[in-house]
Amino acid sequence: MIPFFLARAIKSFIVCTTYISNFLKRTTLQQTFLKKCLTCKKRKIVRNTFNKTVKMFASRTARAHENSSTASSARSLGSRRKTTTTAFIGRAMMFTTKSSLVEDDFLSLPTSPNKKVNALSIVMKRKGVKTRRAMRNKSIENAISEPELTQRVTGSTNVTNKRSTKEVKWSLNRAPFEEGGLSEIASGQANSGIKQWGPTNQTIKDWRSVYRNSSLSNKTQTKLDEREIPERCVVDGAIPKDLRGTLFRNGPGMLDIYGKELNQFFDGDGLVHTYEFDGSEKKIKFKHNYVETKGFYDERAEQKMLYKGAFAVGNPKGDSFYNPFDFNVKNVANTGIVEWNDKVYALWEGGKPHELREDDLITIGREVDEVLGQELRVPQMAAHYRVLEEEKTNERTLIAFSIESQPSAFPFTTNKAAFYEWNEDLSEKKRVDFDVPNATFGFFHDMLVTENWYCLFQNPTSLDFQKLMTEYMFAKCALAETIAMQKGKRPILWMFPRSEKAKKIGTKSYELENQFFFHHINAFERENGEVCLDSVPWKFMDFSMNLDMVTPAFWQDGSRTEYTRFTVNPYLETDTNSIKQKSLSERCCEFPCLNPKFAGKEHKYVYCGGSVVKDARKWGPNQCLVKYDVSKCGPGGEEKALDDVYYYGERSFVQEPIFASKPNGMDEDDGYLLQLVNDAGEDKTFLYIFDAKKIGQGYECKIELMDEHVPPGLHGFWSPQKI
Ligand SMILES: [Fe+2]
């Protein structure tokens, strides 16, 4: 007994001594630092020395305080307690530089860190110094009427905001629609003359509520689990009889990793699901499985988060820092999916593909080194690809690409862009690569292909080394956040020769206006050699933006994406600035697609998810299926595109549409659009089928996914052969 008590006494003594010692050290250091900084006659020198670091701390801390009332603050920015010391110093320095605060204001503050912050706030308020929070709230008030979010809401939208008793509404004004357009149809008052929409009743919580875990099981599903979606689930209309084939979809399915919510849905584990149409008017077959990546498998076995993602902030180990040179993140295999020659691959651009068994979508190849018989030379493959179809023979070619973005053996080696091609029976394979300088952080997400050219858009992004060392190292930001757009830097369009004809010209590059490229629509060539490249670029990109930070103000000004046409003639234009750029619509859109038979050829119609608002400044989340008609836009995009729109209504948010061609279709729009929609009001996911010729007139069929929630996905593929 005595040794036991002695041991307890010694342990208690050590703990107490350590605690007191740490407290004294922290207080002394803090006071010393403050006094040195704030009483030094050469304060400017001190300030300049610490300026950048302190501003960064101050900025993050102000955000931490802003967000401290939300449930997500601890997760996204670390605990408030940990940041208090740096918060105080940062705030003090920042406001000293831009206000009437003097040294005495700081030196007379209490010693307790928390009390210091509170006291400083009182001083600032007394002196009329505006905090970042106050300024931010004012700007938001100007744009929206919604109070701050107090908690992440799941499911139904009928949840009262605890901090406010007033009705939470999304007061986003809407522009009048064109005559005969959407408003009359959607309101059910055709020819009523209504041209103006008022504020909506949906809230930002509606939008956020769909970003949660899928209700589909994350246990491995075998073929025995294949389900028929019964008749009762075709809630409206009938499935077109000539719609035969399989819709493949991939997207983040797990957005809460065993209790740790992701604040960025790009890091969710890949959930693959298929919908098989065999000609039945009322039934389809449905399968699903998570891609069993190493990360997903290990975490499911341990029932806890083990790996860090590329986009979401969070250190699974819970430490306050991790090795800044450890760039390993979880391959979530959640972005793309392709079915080719009876093989299925789940794609994610940060790593190698995963091979799935076609019958039951079970993962049979984890991070494969070989895809369809071609060895991957680089350690990843992009999630986007193109399929070109020969006009006369209907033979299809699959084209994928990869950027050598990892440091090679010699760190200053020029990056390579590798392009892979496969014909349908894999009898012909090809791989070519080209030099691309400084491509490591160029963020190449998508590509375009024509008969003669491979086209890549290199973003004006590069590594923010300061952020890497001061934030990523301390688990304060995700790896992707260390890649940022650079002021003054311009994106580059690379055109690499694909044919012998183009090889005579060689690689061409053109500088573009400052913008950010994610998804492209299509590229085609005209007889004079001119190439048109249609894309949906964003005005800018900030990877620190996450689900918790999006408010309705996000959809007003700021970054937005429009249907944009680039025109250049690589045979004539030698000036790197000679490319022309035109916006073809002011309706914001994303996830574009077209009839796959027209990939690489001149097209008339493009389909995408789009916002209800059609305005040069205001926009909104994707709540519509939009069909653009660009046939009258002129050679260089001189005229705006026409659009035909189906609006799903308030609280419904759309996923990527996929075009399924009619078997013997003659026109470009002879086909169907298949689109998953998250209805936050009903808390259900629906699959809609439209005739591509008459989208604005409404859907052909609406299918309910048996009460299952399928969160917003990323990309899919239509396979006409597979049923
Ligand atoms: Fe994408």
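Within region 303-311, does at least one residue satisfy the condition of being more than 16 Å from the ligand (Cβ to nearest atom), outside any loop (DSSP other than H, G, I, E, B) and more than 20 Å from the chain's Cα centre (by Cα)? Within region 303-311 (the criterion being more than 16 Å from the ligand (Cβ to nearest atom), outside any loop (DSSP other than H, G, I, E, B) and more than 20 Å from the chain's Cα centre (by Cα)), the answer is no, since none of the residues qualifies.
Within region 375-388, the set of residues being more than 15 Å from the ligand (Cβ to nearest atom) and modelled with pLDDT of 95 or more comprises Val387, Leu388. Somewhere in region 321-342, is a residue of a type in the set (A, V, I, L, M), assigned by TED's automatic domain parsing to the domain that holds Glu389 and more than 24 Å from Lys260 (Cα to Cα)? Yes, the conditions are met somewhere in region 321-342.
In this structure, Ala523 does not qualify as surrounded by 20 or more Cβ atoms within 10 Å (Cβ to Cβ), assigned by TED's automatic domain parsing to the domain that holds Glu390 and within 19 Å of the chain's Cα centre (by Cα).
Screening Asp359 against (1) of a type in the set (D, E, K, R); (2) part of a loop (DSSP other than H, G, I, E, B); (3) crowded, with 16+ Cβ neighbours inside 10 Å leaves a single unmet condition, (3). On the basis of being in contact with a Lys or Arg (Cβ under 6 Å, 6 or more places away or on another chain), in the same structural domain as Met549 (by TED's automatic domain parsing), on the phi > 0 side of the Ramachandran plot and surrounded by fewer than 24 Cβ atoms within 10 Å (Cβ to Cβ), does Tyr258 make the cut? Here the answer is yes, as Tyr258 does meet what is asked. Candidates are the residues of region 408-423 that are at pLDDT 90 or above and under 26 Å from Val536 (Cα atoms); the one that is farthest from the ligand (Cβ to nearest atom) is Glu421.
Each row is one residue, and each column tells you yes or no for (1) more than 20 Å from Pro240 (Cβ to Cβ); (2) within 16 Å of the ligand (Cβ to nearest atom).
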site	(1), (2)
Gly665	no, no
Asp669	no, no
Leu674	no, no
Asp679	yes, no
Lys684	yes, no
Tyr688	no, no
Asp691	no, no
Glu704	no, no
Phe717	no, yes
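Checked across region 493-506, the condition of being more than 16 Å from the ligand (Cβ to nearest atom), in a helix (DSSP H, G or I), buried (at least 21 other Cβ atoms within 10 Å of the Cβ) and among the aromatic types (Phe, Trp, Tyr) holds for no residue. Of Glu708, Glu656, all but one fail to be surrounded by fewer than 20 Cβ atoms within 10 Å (Cβ to Cβ), assigned to a loop (DSSP other than H, G, I, E, B) and out of contact with any helix residue (DSSP H, G or I) (no Cβ under 6 Å at 6 or more places or on another chain); the exception is Glu708. For region 364-383, a residue qualifies if it is over 14 Å from Glu339 (Cα atoms) and in a strand (DSSP E or B), and the qualifying residues are Ile364, Gly365, Glu370, Gln374, Glu375. The residues listed here are Met541, Met545; of these, the one that is within 22 Å of Gly309 (Cβ to Cβ) and either touching a helix residue (DSSP H, G or I) at 6+ places or on another chain (Cβ under 9 Å) or free of Cβ contacts under 8 Å to residues at least 24 places away in the same chain (or both) is Met545.
When you check Ser631 against the structure, is it more than 16 Å from the ligand (Cβ to nearest atom) and under 23 Å from Val449 (Cα atoms), yes or no? Quick ask: steps written out before the conclusion?
Values: more than 16 Å from the ligand (Cβ to nearest atom): yes; under 23 Å from Val449 (Cα atoms): yes.
Yes, satisfied.
Here's a check for you: in region 424-478, which residue that is in contact with a strand residue (DSSP E or B) (Cβ under 8 Å, 6 or more places away or on another chain) and on the phi > 0 side of the Ramachandran plot is modelled with the highest pLDDT? My answer is Phe443. If we scan region 453-466, do we find a residue that is touching a residue at least 24 places away in the same chain (Cβ under 8 Å), over 21 Å from Gly336 (Cα atoms) and part of a helix (DSSP H, G or I)? Taking every residue of region 453-466 in turn, at least one turns out to be touching a residue at least 24 places away in the same chain (Cβ under 8 Å), over 21 Å from Gly336 (Cα atoms) and part of a helix (DSSP H, G or I).
For region 279-302, which positions are surrounded by 19 or more Cβ atoms within 10 Å (Cβ to Cβ) and either assigned to a strand (DSSP E or B) or touching a Cys at 6+ places or on another chain (Cβ under 7 Å) (or both)? Those that are surrounded by 19 or more Cβ atoms within 10 Å (Cβ to Cβ) and either assigned to a strand (DSSP E or B) or touching a Cys at 6+ places or on another chain (Cβ under 7 Å) (or both): Ile284, Phe286, Lys287, His288, Asn289, Tyr290.
The values are calculated or read from the model by the stated rules, or taken from the named source; none is laboratory data. Given the structure is predicted, the values throughout are model-derived calculations rather than measurements. Here Cβ is always computed from backbone atoms with ideal geometry, including for glycine, and neighbour counts include all displayed protein chains.
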